[in-house]
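Scroll down for the structure; my scribbles are underneath it.
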Amino acid sequence: MTVLEKSVLDVLLPGFTHHVDIGQGSDARISFGAGGLAQMVLPGKPPMNGEWKPLPDGYHVAWSGGPEGAWKIAHDIGRLTYIDPTGREAGTVTRIEPIGPWQTA
């Protein structure tokens, strides 16, 4: 697997929602607003809002009232994988869609 660099993440993150299979029956949804706002919805949990910023080989996110950390996204043929701050695979991207004009992140 190859960790995606900032130049690729600049295209894949701002303005998009990633649906990520985290092995819980339904996908987590992570939205990256172009202005640095972020929202994550885990299966069965209320949305978490926060701020994200790009890094040379990933992004840093700080959730309001929650954890913060540096994440990476790795690429293998036909697959994008989220890598958590400890270096473990956290889930596989199943879909990427634009954030609608009604959403802020």
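Which one of 93, 38, 65 is farthest out on the positive end of the charge dipole of the stretch 2-98, using unit charges on Cβ (Lys, Arg +1; Asp, Glu -1) and the Cα centre as origin? Result: 65, furthest along the dipole toward the positive end.
Springs between Cα atoms under 10 Å define the GNM used for the chain, and in it the highest mean-square fluctuation of 25, 15, 69 occurs at 25.
Taking the Cα centre of the chain as origin, sum charge times position over the Cβ atoms of Lys and Arg (+1) and Asp and Glu (-1), and report the length of that vector in debye to the nearest 20.
Values: 8 positive and 11 negative charges, 27 e Å.
Charge dipole of the chain: 140 debye, to the nearest 20.
Residue separation of residue 88 and residue 22 scaled by 0.36 nm, minus their Cα-Cα distance, works out to 22.5 nm of gained length.
Quick one: net charge around residue 9, please, counting Lys, Arg +1 and Asp, Glu -1 for every other residue with C-beta under 14 Å from its C-beta. Walk me through the numbers on the way to the answer.
Working: positive: 6, 53, 72; negative: 5, 10, 57.
With Lys, Arg at +1 and Asp, Glu at -1, the net is 0.
Across the chain, Cα-Cα pairs more than 22 Å apart make up 21 percent of the total.
Readers should treat all values here as calculations from the given coordinates under stated rules, not as data from a laboratory. This one's a predicted model, so the numbers in the text were calculated from it and none came from an experiment. Here Cβ is always computed from backbone atoms with ideal geometry, including for glycine, and neighbour counts include all displayed protein chains.
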